[in-house]
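The structure under discussion appears below in the form of structure tokens.
The values are calculated or read from the model by the stated rules, or taken from the named source; none is laboratory data. Given the structure is predicted, the values throughout are model-derived calculations rather than measurements. All Cβ positions, even for glycine, are placed from backbone atoms using ideal geometry, and neighbour counts span all protein chains on display. These area figures cover heavy atoms from the full protein model, side chains too; ligands, DNA and RNA do not enter into them. Shrake-Rupley method; radii C 1.70, N 1.55, O 1.52, S 1.80 Å.
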Amino acid sequence: MALTAFLLISFAKQQNKPTIYLIGDSTVKNSNKEYWGWGTLLPELLDTTRVRVDNHAMAGRSTRTFVKEGRWAKVDSLFKPGDFLLIQFGHNEGSKPDTSKQGYRGVLRGIGQDSIVLDWGNGKKETVRTYGENLRRFVIEAKKKGVTPILLSMIPRNQWDHQGKVKRADKDFGLWAKEIAKEQGVAFLDLNSITADKYDRLGPEAVKSNYFPGDHTHTNKNGARDNALSIIEGFRRIKSQLVQYIK
């Protein structure tokens, strides 16, 4: 009887813990071999006896395909009041949306509510919206469930300008995420800026050798950990309730 009661109490505590849901692309969740996503390492920095991290990010996805493949519907079905949602997209949104392989992930640019309809044949049509509208819908639907959304700018790529500074996302996807956050009255965590500031201090050679084993987008485990630390710093900057769960 005592063991049964203990197990029931333990289960109830687990169920009552808030959950931090993560949605995004490969920079949030990757293979954990050569390449890692920051969402995999975030739990190491939090008191997981008091809060859960549930990483639903998937490599190669954009805001459009995350919805199209039913991934958002699954996350939405799991929400309970008091949970949190971290949203980081942007790396896979850039192509012109059409029915080609290249255009499969693309979205319209900006935060407007304009859309286009794609005809896939056999009577199958798809409405494609702007990046900002997709974020807007994530936020609105999460808030309906009593969940606290936080919009993130995407991690910086290993790309540098002529002045030797990391290229920022503050004129497109990062800006649009910030604008939607302001419009919807939710927090914006500028992950792009926080990590880019670190890269600027290190310089191109050190960033490449320490963090980017292959392409300019995907980091190794060290880079993912550094981005996870940027998330923690971001929680403090935006004075998030999640600060209480930092180790």
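Subtracting the Cα-Cα distance of LEU78 and ARG50 from their residue separation scaled by 0.36 nm leaves 8.3 nm. Full extension of the segment from ARG201 to LYS239, taken as 0.36 nm per residue of separation minus the current Cα-Cα distance, would add 11.2 nm. For region 19-245, the C-alpha radius of gyration divided by 2.2 N^0.38 Å, with N the number of residues, is 0.99. Rolling a 1.4 Å probe across the protein heavy atoms gives the chain an accessible surface of 50 Å² per residue. For the chain, the antiparallel share of DSSP beta bridges with both residues in that region comes to about 35%. Solvent-accessible area assigned to carbon and sulfur over the chain amounts to 51 percent, based on a 1.4 Å probe. Taking Cβ atoms as reference points and 9 Å as the exclusive limit, the residues near ASN134 contribute a net charge of +2, counting Lys and Arg as +1 and Asp and Glu as -1. For the residue pairs LYS80/LYS143; LYS125/LYS145; LYS96/LYS124; LYS143/LYS178, the alpha carbons lie more than 21 Å apart in LYS125/LYS145.
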